[in-house]
Amino acid sequence: MKTCTRDAAMAVTVLSTAVALAACGSSNGGSSGDASESDRGGSLSIGLLLPDSTTARWETQDGPLLEAKIKELCGDCAVEHANAKGDVALQQKQMDSMITAGVDALVLVAVDARSLAAVVRSADKADIPVIAYDRLAEGPISGYASFDGEEVGRLQGRALLKAMGGGADRQIVMMNGDPSDPNAVSFKKGALFVLEGRVKIGKEYDTLQWRPENAHMNMSGAIAALGVGGIDGVYAANDGLAAGSISALKSNKVDPLPPVTGQDAELGALQRILRGDQYMTVYKPFAPEASAAATMAVAAARGESLERLATDKVSTRGANAVPAVMLTPVSVTADNIKDTLVKDGVYTVEQICTPELKAVCVEAGLT
């Protein structure tokens, strides 16, 4: 880690800390003649490693927000952006390349936390701090910004129970995420905390790489095994898996559709919710998550402590407890789209309410 030449008092809040970081980065004096450019207060570089392009949020929300916040805090910082497209080996190469290039910090959304542990250790040996983003990475990370994954699962489970109504004989299909993603494990744990003993789990699947087409295939298998009328609800861990599950239900003439959960508040999911195809999604406000991670990354790149930025601490395999910012997820149904995603400026009413959805948008109070 490269240090800043001027100390700035860091406040507890992310906003006031950002101001302090900006003040720290503005100084150029006091270094010896042979100090590095970063040590002289010059430009820093921060690597941003995204996991895939199948989940819309990474390139449409998180990536732009992270880059914008880094630039806000550090105007001359360079951001090296890479997307692994769901390929573990490609992400390892991307991370190795950034380490070799000597970036000052990394923000990592790991495709596979366990497989990336070795390259996280390589970054640590090179004195490059790694901020795990949205999902916990293994190895000696320096900080973590995300949401309470178990609470995400609990929100999904509660919503599914509400949508299905009473009756202990209700049968569901669980379309879990990729087990190599620690978040998927947390979502499932939270969902089972709510659902176990209250419903019958007819079929359960782990969906490799979170691919909607895999969810479609698995749901078709579930329908064949349980019957067209044998599914009362679908726990889908995210919106992509919800889309794949719903397409399979429709292809197999399941009518009416059972309630289906989701997560990530994708635009397509909101439109499915308004049409009645999907019951709910989980909104994890992108801006505060990106802001927390970007602030951590800039501070770490400057060699500053992350302790005052953190509201929590988390432990991961291969690391001691590290500073973390853990945020609260929000359950979204047709009733509160306007008061959540529209209010926060994630989407406009015009983006959500296409001409075919005009009537249901009026009913939901969006127009």
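The values are calculated or read from the model by the stated rules, or taken from the named source; none is laboratory data. Note that the structure is a prediction, hence the values are computed from the model and not measured. Backbone-built Cβ (ideal geometry, glycine too); neighbour counts: all protein chains shown.
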Quiz item: Filtering segment 116-129 down to residues that are outside any helix (DSSP H, G or I) and touching a helix residue (DSSP H, G or I) at 6+ places or on another chain (Cβ under 8 Å), which residue is nearest to A89 (Cα to Cα)?
Solution: L116
Practice problem: Determine, yes or no, whether G221 is under 25 Å from T333 (Cα atoms), in the same structural domain as D169 (by TED's automatic domain parsing) and either crowded, with 22+ Cβ neighbours inside 10 Å or among the small types (G, A, S) (or both). | Solution: no
Quiz item: Filter segment 161-173 for residues that are surrounded by fewer than 24 Cβ atoms within 10 Å (Cβ to Cβ) and at pLDDT 95 or above; which is farthest from A237 (Cα to Cα)?
Solution: R170
Quiz item: Is it the case that D239 is touching a residue at least 12 places away in the same chain (Cβ under 8 Å) and among the charged types (D, E, K, R)?
Solution: yes
Quiz item: Is it the case that some residue within segment 130-149 is touching a Phe, Trp or Tyr at 6+ places or on another chain (Cβ under 7 Å) and assigned to a helix (DSSP H, G or I)?
Solution: yes
Exercise. Restrict the check to segment 295-317 and report whether at least one residue is surrounded by 17 or more Cβ atoms within 10 Å (Cβ to Cβ), small (G, A, S) and in contact with a Phe, Trp or Tyr (Cβ under 6 Å, 6 or more places away or on another chain).
Key: no
Quiz item: If you scan segment 345-363, which residues turn out to be under 27 Å from P288 (Cβ atoms), among the aliphatic types (A, V, I, L, M) and out of contact with any Leu (no Cβ under 6 Å at 6 or more places or on another chain)?
Solution: V346
Quiz item: Is one or more of the residues making up segment 80-94 buried (at least 24 other Cβ atoms within 10 Å of the Cβ), assigned to a strand (DSSP E or B) and among the small types (G, A, S)?
Solution: no
Quiz item: Is it true that some residue in segment 321-340 is out of contact with any Lys or Arg (no Cβ under 9 Å at 6 or more places or on another chain), among the polar types (S, T, N, Q), within 25 Å of K188 (Cα to Cα) and assigned to a helix (DSSP H, G or I)?
Solution: yes
